[in-house]
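The values are calculated or read from the model by the stated rules, or taken from the named source; none is laboratory data. These numbers were taken from a predicted model, which means no experiment stands behind them. Glycine also receives a Cβ, built like all others from the backbone with ideal geometry; neighbour counts cover every protein chain displayed. Accessible surface areas use protein heavy atoms only, side chains included; no ligands, DNA or RNA. Shrake-Rupley method; radii C 1.70, N 1.55, O 1.52, S 1.80 Å.
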Amino acid sequence: MAHMFPFPDDLPLALQIKALGDEELLDFWEETQFLEKFLEEDFNVQPEHSVEYERLILQELQLRSCRRSLDRRP
């Protein structure tokens with residue numbers, strides 16, 4: 001499930017997300033949801049950045065969807 005990404009640690013998450021393919025981006029979203037649920041249930045920890053991850057991922061998916069719609073126009 002987890003993968004090692006070839007990005008430097010100081011590269012902003014928004015840029016890392018843009019570099020992922022659609023399937024990788026969906027996998028990343030799924031993994032963050034799994035990890036968040038695991039931390040909440042097993043360790044009673046509220047992840048600090050969960051809303052930010054989700055917002056960035058959804059924003060990127062929306063942008064890609066809009067681009068595909070525009071590319072299909074005659």
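For region 15-74, go through all pairs of different Cα atoms, get the mean of 1/r, take its inverse, and jot down that Kirkwood value in Å. Show your work: numbers first, answer last.
Values: mean 1/r = 0.0779 Å⁻¹.
This gives a value of 12.8 Å.
To the nearest 500 deg cm²/dmol, what mean residue ellipticity at 222 nm is calculated for the chain from DSSP H runs of n ≥ 4 alone, each contributing -39,500 (n - 2.57), summed and divided by the residues?
Values: 3 runs with 52 residues, N = 74.
Calculated at 222 nm, the ellipticity per residue is -23500 deg cm²/dmol.
Rolling a 1.4 angstrom probe over the chain with all protein chains present gives an accessible area of which 57% lies on carbon and sulfur atoms. Taking the charge dipole of the chain about its Cα centre, with +1 at Lys and Arg Cβ atoms and -1 at Asp and Glu Cβ atoms, the residue from L20, L58, P74 reaching farthest to the positive side is P74. In this structure the chain gives 83 Å² per residue of accessible area when probed at 1.4 Å with all protein chains present.
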